[in-house]
Amino acid sequence: MKLKSIKYFDKSINWRLERTEFKDLTLLVGASGVGKTQILNAILNLKRIANGSSQNGIEWDVEFSTVDDSIYRWKGSFENKGFEANFVNYSDEENKKNRPKIISENVFLNGKEVVKRDNKDIIFDGKKTVKLSQQESVINLLKEEELISPAYQGFSKIIHDDYSHTMKEFSIVYFKNILRRGVKNLTKKYQSLESIQNSGEETSVKLFLIYNNDRETFKKIKDLFSDIFPQVEDIKIELLKKDVKGIQPLFKDIPFIQLKEKGVKDWIHETNISSGMFRTLMHISELYLCAEGTVILIDEFENSLGINCIDELTEDLLNSRRKLQFIITSHHPYIINNISYENWKLVTRKAGTVRTHDAQEFNIGKSKHDAFIQLINLDEYKTGIE
C-alpha cells in the first residue's frame, strides 16, 4: 500500500494531527517533542484498528492506495471512555465486553462508498449485514470480502523498524518463531524469493530463509553489508557448532546470525554483534525481503548507526527501486541534507495540535543558500512551536 494522507485525533488525550500528506519517501523533521514519533504511532494505531483492535477515543481519516492502484478512504471514530481507559487491559476476559465501541465508520473505494456504519448498523455494498461486533473495524470484520481484502492486506504491510532491543531479546524472538514451528518446515514452506517476501515473517526469519533457499539474493545483502563494514568477509545463519557462553542449551537447535571478520579465527555470533552492525544488516535485508507495497516506519534513523552506516543506508534507501514507502524521522544533519527538501515535512505543534509543512512553505529551496542551513535557521525548526 501507499499512505497518501492521514488526519487523526486522540480525544482521550486531546492530541490532534491535522491532515498530513505522504510521498514514497517522507522525512519528518523538527524539534524534539513536537510529535514526529507520535505521527508514526498514529499510523501504527491505524494498523491495530485494521487488525481488529479497539482504540479508546480515536478518530481517523486516512487515504491510501493498494498495489493494484485502487484508492481507498477510510474514516471512523471510537467512543471516548476517558483518559483512564487507556490503561485498562482489554485483553482480559472480564474487560473485553467493555472495550470502546465504534461510533461511525465509512469506507470509500475509488470514490464510491462501500461501507457506511453507525452505532447500530453496517451497510456493506448497499446491503445491511448481520449483527457484527461494535468493537472491531469493518476492515477487520469484512477482510475476506473482495472489496475490503486489499485494504486489510495493505495495513498488514506496515512495519515499524525498531532494532533497539538487545540481541538476547532478538534470540527469544527467533526461538519463538523458528523452534516452535521447526526449521525444516519453514525452509520447505517458503522457497522462492517472492514467497519469502510475502511470508509475513520477521525480517530476521526471512534472512534465514533466504540464506537456505536463495543464495543469490543473500549474496547481494552480504555484499552490501560488507561494503559498509569491509572488515566482514562472510556471513552465515546456521546452528552453533559449539557451546557459547550465555546461550541456553535449548537454543542449540536455532540458527544464529554469525559474522566472520578478516584476520579473526572464530566466527562472531549474534549475541556479540554490535547494535549498529545488527541494525544495519536488518535495514539492508528489509530492502530486499519485505513484500511489495510495504510501508516502512523508521523512528530516528540514525540511532545505533555509525557515520559509515548512515551514509550507505541513506543512499540505499533513496535508490530503492521497489514499490516501498518510507516514513522516517531524523535529527542527523547528513540524513536531512542528503534527502531532497521536497521530501521534508517540518513538524510543528500548537498546544495539542500538530501540523506538518512542506519546505516550500518557508521558501526553502528557492534561494542559492543550502536548504539544510535554511531549515535549521527557522524558528519553527528550532522550537517546533507555532
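Listing for the model above:
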{"quantity": "Inter-label distance, nm, simple model (7 Å from Cα along the C-beta direction), Glu292/Val264", "calculated": "3.9 nm"}
{"quantity": "Phi to ³J(HN,Hα) by Karplus 6.51 cos²θ - 1.76 cosθ + 1.60 over the range 283-289, Hz, x for Gly, Pro", "calculated": "4, 4, 4, 4, 4, 9, 10"}
{"quantity": "Net length gained if the chain between Phe108 and Lys189 were fully extended (0.36 nm per residue, minus Cα distance)", "calculated": "25.6 nm"}
{"quantity": "Residues Thr383, Thr26 arranged by fewest to most Cβ contacts within 10 Å", "calculated": "Thr383, Thr26"}
{"quantity": "Label-point separation, Glu233 to Ile376 (7 Å along Cα→Cβ), nm", "calculated": "4.1 nm"}
{"quantity": "Entries in Lys219/Lys323; Lys206/Lys323; Lys222/Lys262; Lys116/Lys157 that, when Cα-Cα distance is taken, lie over 20 Å", "calculated": "Lys219/Lys323; Lys116/Lys157"}
{"quantity": "In the range 338-386, the trypsin sites (Lys or Arg not before Pro) that fall in loop regions by DSSP, at most 15 other Cβ within 10 Å", "calculated": "Lys366, Lys368"}
{"quantity": "Theoretical gain in end-to-end length, Asn14 to Asn319 [0.36 nm per residue, Cα-Cα removed]", "calculated": "105.9 nm"}
{"quantity": "Rg/Rh (Cα only; Kirkwood hydrodynamic radius) as it applies to the range 264-327", "calculated": "1.02"}
{"quantity": "Dipole of the chain [Lys/Arg +1, Asp/Glu -1 at C-beta], most positive-end residue of Leu224, Asn89, Ala31", "calculated": "Asn89"}
{"quantity": "Rounded to the nearest 20 debye, dipole of the chain from Cβ charges on Lys, Arg, Asp, Glu", "calculated": "900 debye"}
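Just so you know, all these numbers are worked out from the coordinates, no wet-lab data involved. The shown structure was predicted, so the numbers you read here are calculated from the model rather than taken from an experiment. In this analysis, Cβ positions are derived from the backbone assuming ideal geometry, glycine residues included, and neighbour counts consider all displayed protein chains.
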